[in-house]
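The values are calculated or read from the model by the stated rules, or taken from the named source; none is laboratory data. Model, not experiment: these values are computed from the prediction. Here the Cβ positions follow ideal geometry from the backbone for every residue, glycine too, while neighbour counts run over all protein chains shown. Please note that ligands, DNA and RNA were not included when accessible areas were found on the heavy atoms of the full protein model with its side chains. Shrake-Rupley method; radii C 1.70, N 1.55, O 1.52, S 1.80 Å.
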Amino acid sequence: MSTPQHSDVPGPEHEPTEGPEESGAGARRGPLAVVVAAVVVVAVAVWAFAFDGLGLRQDAEPTSAPDPTATEPAQTPEPVEPEQEDPEPTEDGSDADQAPPLGDLLLPAEEEPREVEDGPTAWVLPADCEAVTPQDPTAMVTARDGTGEFEAQIDVQQIAAFADGDALAQEWERAVQALEACSTDSDLVSTEALDIPDETIGISAYFGDGEGGATPFGTYATLGQRGNLMMLITVEGGEGTPETGRDQIVERTLQAWEVLCSDENAGC
């Protein structure tokens, strides 16, 4: 009987294999590592999203695409200066604010030099009449033309403007009362109504002879009112007479009202 021989080649039952504990531990660590990695990835993603949402990332470039839901801020309009309203006309249709200066509405000077005084001053009424100075006119001008030398007469024109028809009516009444009083009390003064709109009074004044009588010399004047204006036309001094001076003064009065009541002046 032969003795069995031992072969050095291990049999299947002796092939080296990985131990069951090592292989089992590796199998358990594999899924756990995957889970941990997934959790880390998710956490990093969440942190990055939150970091971006709070605007803490400085290296992020702003997107160029406009937000369709965004609205542009409303622009504050620049202030617009209110338009100046035209002044309302007065009851008589006048508008002193738009009228040119009274000095520009004087008749042309027929004699030189011309002296012009602005501001309220007494109407040039006959010497026997009480002095009447307009109260509170909005404007007044008095012009005297000539030197008065060699018995030459000095041309006089006075214009006064008032705020409205009521103010004018008060001043007109004061002047009329003064004329009525002196024409009644003095033989040197007489008045007449003239057909010059709106209302005009003609005034004849004779120079006294120093003995209570009258000389043939004297002056003629007109005092009239229209719109919100009063005007006096007369002469001073000289050797004229009321009769010879009447036509010249009436003509100058008509010319003066044409100038005052031109389209450029709203005072008539």
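A simple rule links phi to the HN-Hα coupling: the Karplus curve 6.51 cos²θ - 1.76 cosθ + 1.60 with θ = phi - 60°, which for region 200-211 gives 9, 10, x, 10, 9, 9, 9, 7, x, 8, x, 10 Hz, with x for Gly and Pro. Highest mean first, the peptides 160-167, 100-107 sorted by other C-beta atoms within 10 Å per residue fall in the order 160-167, 100-107. Each residue of region 125-133 is assigned a 3J(HN,Hα), and the resulting list reads 9, x, 4, 7, 9, 5, 5, 10, 10 Hz, derived from the Karplus form 6.51 cos²θ - 1.76 cosθ + 1.60 (θ = phi - 60°), x at Gly and Pro. For A163, the residues 5 or more places off, or on other chains, whose built amide H falls under 5 Å of its own are T138. For T138 and D209, a Förster radius of 41 Å and the Cβ-Cβ distance give a FRET efficiency of 0.45, rounded to the nearest 0.05.
Just subtract the alpha-carbon distance of D187 and A127 from 0.36 nm times their residue separation and send over the number in nm, one decimal.
Numbers: separation 60, 0.36 × 60 = 21.60 nm, distance 1.22 nm.
Taking D187 through A127 to full extension adds about 20.4 nm, to one decimal.
Rounded to whole numbers, the Karplus 3J(HN,Hα) couplings from phi for region 105-116 are 10, 6, 5, x, 6, 8, 9, 10, x, 10, 10, 10 Hz, using 6.51 cos²θ - 1.76 cosθ + 1.60 with θ = phi - 60°, and x at Gly and Pro.
The simple spin-label model puts a point 7 Å past each Cα toward its Cβ; for D198 and D166 those points are separated by 1.5 nm. Counting 0.36 nm for each residue step from F150 to E243 and taking away their Cα separation leaves a gain of 31.4 nm.
In this structure L254 has an accessible area near 70 Å², from a 1.4 Å probe over the protein heavy atoms. Near the amide H of G218, within less than 5 Å, lie the amide hydrogens of F207, G240, T241, all on another chain or at least 5 residues away, with H placed in the peptide plane.
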